[in-house]
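Engineer: Before we start, here is the structure in question, set down as structure tokens.
The values are calculated or read from the model by the stated rules, or taken from the named source; none is laboratory data. Everything numeric here is computed off the predicted structure, so don't read it as measured data. Note that each Cβ is placed from the backbone with ideal geometry, even for glycine, and that neighbours are counted across all protein chains shown.
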Amino acid sequence: MKLSRILIAATGAELSLAAGLLGLLGLAGAWSNLLDVFNHIAPLVLASGLLGALLARLALPVGASRRLVLVCAAVGILAPAVQMTPDLFAAIRGLVPAKAGGPPLKVLTFNVWVDDLSPRASADQILASGADVVLMQEAAGPMSSQFARIRTVYPYMAACQRVWVCGQAIFSKRPITRWGALAPRLPVQPDALGVVWARIVAPDGRPVTLATTHFNWPIPPEQQATQRAKLARYLATMPKDDMIVSGDLNTTPWSFGLRRLDRALRPRSRRTHALFSWPANTARIRQPFPLPLMPIDHIYTGPQWRTLSLKRLPRAGSDHYAVMATLTR
């Protein structure tokens with residue numbers, strides 16, 4: 001066997017074995033928050049399984065070894081596909097816009113990043129978005145230097161007294177009638193959760209409650225699991241039918257963790273399906289990233305709301321893309 005064929009065969013076997021193992025570990029995430037972390041890379045696992053199967057068929061001789069490698073590749077394809085398919089189908093269904101009702105409400109959710117490469121560019125994007133309300137995460141970073149500009153268009157603001165502790169902020173073109181916050185106590189614990197909410201009158205003349213939050217990374221898994229439970233408890237006493245909740249949840253739709261949150265927040269439902277929003281820019285080299293790899297910025301709404309459109313805005317200065325939802329009821 002030529003050296004090139006040996007290398008192709010070895011690469012195919014390695015990719016197939018790795019995909020099969022990661023796929024099985026992801027399925028076990030139904031019982032383990034730690035193993036659920038593997039589901040966040042489900043698209044990569046699936047791609048590895050497909051490439052591994054192709055290379056194995058091309059380079060491995062017919063026999064037991066090839067059959068074993070192809071079985072591993074099949075597991076690495078099917079396991080993540082099972083995890084991803086429901087959300088992909090939901091994304092396809094979402095391509096058909098809802099029938100317009102009253103005047104639309106435009107909601108922008110945006111993690112503006114504590115290391116924003118160009119806070120002015122991010123602020124420019126917010127100001128040009130046409131959103132009625134901006135739900136912002138990591139607002140205590142460089143973006144705080146742009147608050148005065150933002151408030152020329154969005155004069156009403158709700159945030160924790162110590163924005164640097166809570167991190168979230170809400171800006172609105174329409175008067176805020178009530179607001180509140182869940183602010184972490186000092187010293188801030190690793191599983192602390194910051195939430196800001198505000199109540200406004202939407203363009204259709206009816207009230208709407210908006211809330212925004214930010215979860216930790218899924219590793220270590222216990223922190224994010226605690227934050228999911230805290231968020232569900234905090235929102236439990238708030239209006240459900242008219243509510244809109246958004247945030248950087250650092251959780252992909254093919255994880256069991258986000259599906260548990262989906263159930264915990266009912267009757268509010270997630271409107272963001274397979275909308276890849278991270279990364280836009282990279283932290284270490286401070287350069288644009290070629291394409292977003294993970295859908296981790298999410299919007300939930302109460303049953304009163306229907307989705308007219310949902311889109312990712314162009315790259316600005318943050319490591320996240322902003323997400324805009326146009327809603328009606």
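Engineer: Determine if region 15-23 includes at least one residue that is out of contact with any Lys or Arg (no Cβ under 7 Å at 6 or more places or on another chain), farther than 30 Å from Pro220 by Cβ, in a helix (DSSP H, G or I) and hydrophobic (A, V, I, L, M, F, W, C). First the steps, then the outcome.
Structural biologist: Filtering region 15-23 for residues out of contact with any Lys or Arg (no Cβ under 7 Å at 6 or more places or on another chain) gives 15-23.
In the following step, the residues that additionally are farther than 30 Å from Pro220 by Cβ were identified as none.
No: region 15-23 contains no residue that is out of contact with any Lys or Arg (no Cβ under 7 Å at 6 or more places or on another chain), farther than 30 Å from Pro220 by Cβ, in a helix (DSSP H, G or I) and hydrophobic (A, V, I, L, M, F, W, C).
Engineer: Then there is this: List, please: which pairs have Cβ atoms under 8 Å, are six or more places apart or on different chains, and start with a residue in region 78-101 that is surrounded by fewer than 17 Cβ atoms within 10 Å (Cβ to Cβ) and end with one that is basic (Lys, Arg)?
Structural biologist: Close Cβ pairs (under 8 Å, with a partner that is basic (Lys, Arg)) amount to Ala98/Arg306; Lys99/Arg306; Gly101/Arg306; Gly101/Arg329.
Engineer: Look at region 83-110 and say how many of its residues are at pLDDT 95 or above, farther than 24 Å from Leu44 by Cβ and of a type in the set (Val, Ile, Thr).
Structural biologist: 2
Engineer: Identify all residues within region 51-77 that are surrounded by fewer than 16 Cβ atoms within 10 Å (Cβ to Cβ) and either at negative phi or modelled with pLDDT of 90 or more (or both); write none if there are none. Spell out how you get there, then give the answer.
Structural biologist: Step one: filter region 51-77 for residues surrounded by fewer than 16 Cβ atoms within 10 Å (Cβ to Cβ), giving 54, 57-58, 61-65, 67, 71.
Scanning region 51-77 gives Leu54, Arg57, Leu58, Pro61, Val62, Ala64, Ser65, Arg67, Val71.
Engineer: While we're here: Inspect region 111-127 for any residue being modelled with pLDDT of 95 or more, buried (at least 18 other Cβ atoms within 10 Å of the Cβ) and outside the structural domain of Pro295 (by TED's automatic domain parsing) and give the result as yes or no.
Structural biologist: no
Engineer: Look at Leu27 and say whether it is part of a helix (DSSP H, G or I), under 27 Å from Met294 (Cβ atoms), in contact (Cβ under 8 Å) with a residue 40 or more places away in the chain and of a type in the set (A, V, I, L, M). First the steps, then the outcome.
Structural biologist: Details: part of a helix (DSSP H, G or I): yes; under 27 Å from Met294 (Cβ atoms): yes; in contact (Cβ under 8 Å) with a residue 40 or more places away in the chain: yes; of a type in the set (A, V, I, L, M): yes.
In short, yes.
Engineer: Identify, by number, the condition in (1) in contact with a helix residue (DSSP H, G or I) (Cβ under 8 Å, 6 or more places away or on another chain); (2) within 22 Å of Ala181 (Cβ to Cβ); (3) surrounded by fewer than 21 Cβ atoms within 10 Å (Cβ to Cβ) that Arg233 doesn't meet.
Structural biologist: That leaves (1) as the condition not met.
Engineer: In region 60-119, which residues are out of contact with any strand residue (DSSP E or B) (no Cβ under 7 Å at 6 or more places or on another chain) and of a type in the set (Ser, Thr, Tyr)?
Structural biologist: Within region 60-119, Ser65, Thr85, Ser118 meet the criteria.
Engineer: Would you pick out the residues in region 173-196 that are crowded, with 16+ Cβ neighbours inside 10 Å and closer than 16 Å to Tyr154 by Cα?
Structural biologist: Within region 173-196, Lys173, Arg174, Ile176, Trp179 qualify.
Engineer: So, in region 297-329, exactly how many residues are surrounded by 24 or more Cβ atoms within 10 Å (Cβ to Cβ) and without any contact (Cβ under 8 Å) to a residue 40 or more places away in the chain?
Structural biologist: Number of matching residues: 0.
Engineer: Please work out which residue is surrounded by the fewest Cβ atoms within 10 Å (Cβ to Cβ), limiting yourself to region 270-296 and to residues that are of a type in the set (Gly, Ala, Ser) and closer than 16 Å to Val323 by Cβ.
Structural biologist: From region 270-296, those of a type in the set (Gly, Ala, Ser) are 274, 277, 280, 283; that's our starting set.
Okay, now just the ones that are also closer than 16 Å to Val323 by Cβ, so 274, 277, 280.
Details: Ala274: 17, Ser277: 24, Ala280: 23.
Only one residue fits best here, namely Ala274.
Engineer: Restricting to region 275-288, and then to whatever is modelled with pLDDT under 95 and either outside any strand (DSSP E or B) or under 27 Å from Ala229 (Cβ atoms) (or both), can you tell me which residue is farthest from the chain's Cα centre (by Cα)?
Structural biologist: Among those that are modelled with pLDDT under 95 and either outside any strand (DSSP E or B) or under 27 Å from Ala229 (Cβ atoms) (or both), it is Ile285.
Engineer: Just to be sure before I move on: is Gly29 over 28 Å from Trp217 (Cα atoms), in contact with an Asp or Glu (Cβ under 7 Å, 6 or more places away or on another chain) and not hydrophobic (A, V, I, L, M, F, W, C) in the structure I sent?
Structural biologist: On the way: over 28 Å from Trp217 (Cα atoms): no; in contact with an Asp or Glu (Cβ under 7 Å, 6 or more places away or on another chain): yes; not hydrophobic (A, V, I, L, M, F, W, C): yes.
So Gly29 does not fit the description; no.
Engineer: To continue, here is another question. Which number in (1) out of contact with any Ser or Thr (no Cβ under 9 Å at 6 or more places or on another chain); (2) not in a strand (DSSP E or B); (3) not aromatic (Phe, Trp, Tyr) marks the one condition that Met143 misses?
Structural biologist: Going through the list (1) out of contact with any Ser or Thr (no Cβ under 9 Å at 6 or more places or on another chain); (2) not in a strand (DSSP E or B); (3) not aromatic (Phe, Trp, Tyr), Met143 breaks only (1).
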